[in-house]
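Below: one structure, written as structure tokens.
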């Protein structure tokens, strides 16, 4: 008789991140995750002591994907600093990571521990942006201004509902980024 096959820990985390992005931390529940994975809830407890342990590992995964992996990829692919700024923003707020990032930001408004985690992630992202902008800006005030504006642009864009006249949102974002990179 073959041993039962366990659903890998990473699959639980991936499904948890999908649930978080779709419905916030309240949507991260063992039974719905098991159903989405097509397994029983028993396998969950082979990997996690409880729901809180899963939530912590989900935040660890989000932090790693949104900082370490982004920085590593940008640096590995190389290029000029302006191209790196663009790539870092695009990767940090990709279609895969953005929904999770926005869910974590919302969650952080109600949970001080998550707020501290978000602060740590944002500080790492900002420090990396500063490093990139320093490559072509000598003035530290200018570095800080550009870093804040670039970061605000990619985060705040998703909360802005304004129209842009004859221009598309993408065109306006591109113009704003060009201005930051000159």
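Throughout, read-outs are computed from the coordinates displayed, never taken from laboratory work. All of these numbers come straight from a predicted model, not from anything done at the bench. For neighbour counting, all protein chains shown are included, and Cβ atoms are generated from backbone atoms with ideal geometry for every residue, glycine included.
Rounded, prolate or oblate for segment 1-67? Axes are the square roots of the Cα gyration tensor eigenvalues, ordered a ≥ b ≥ c, and the cut-off for rounded is a/c under 1.5.
Taking the square roots of the gyration eigenvalues as a ≥ b ≥ c, segment 1-67 is prolate.
To make sure I understand, if each residue's beta carbon is the centre and we count other beta carbons within 10 Å, what order do 84, 35 fall in, fewest to most?
Neighbour counts put them in this order, fewest first: 35, 84.
Rounding to the nearest 10 and keeping the result within 0 to 90°, find how far the Cα-based axis of helix 9-23 lies from the longest principal axis of the chain.
60 degrees
Under the rule a/c < 1.5 gives rounded, and otherwise a/b versus b/c splits prolate from oblate, where does segment 55-159 land using the Cα gyration tensor?
Prolate, since a/c reaches 1.5 and a/b exceeds b/c.
If you average the alpha carbon positions of segment 19-69 and of segment 119-182, how far apart do those two centres end up, in angstrom?
Taking the Cα centre of each part, segment 19-69 and segment 119-182 sit 31 Å apart.
Using only alpha carbon pairs under 8 Å that are at least six residues apart, calculate the relative contact order of the chain and give it in whole percent.
18 percent
To test your reading of the geometry: what angle, between 0 and 90 degrees and rounded to tens, separates the Cα axis of helix 169-181 from the longest principal axis of the chain?
60 degrees
What number, rounded to the nearest 500 deg cm²/dmol, is the helix-based mean residue ellipticity at 222 nm of the chain, given -39500 (n - 2.57) per DSSP H run of at least four residues and division by all its residues?
For the chain, the value works out to -21500 deg cm²/dmol.
Could you put 31, 111 in order, starting from the residue whose Cβ has the fewest other Cβ atoms within 10 Å?
31, 111
Would you mind ranking 47, 158 so that the residue whose beta carbon has the fewest other beta carbons within 10 Å leads the list?
Arranged by neighbour count, lowest to highest, 47, 158 become 158, 47.
Test of understanding: what is the full-extension gain from residue 95 to residue 11, defined as 0.36 nm times their sequence separation minus their Cα-Cα distance?
Length gained between residue 95 and residue 11: 28.4 nm.
What is the angle, in °, between the Cα long axis of helix 140-156 and the longest principal axis of the Cα atoms in the chain? Nearest 10 is fine, range 0 to 90.
50 degrees
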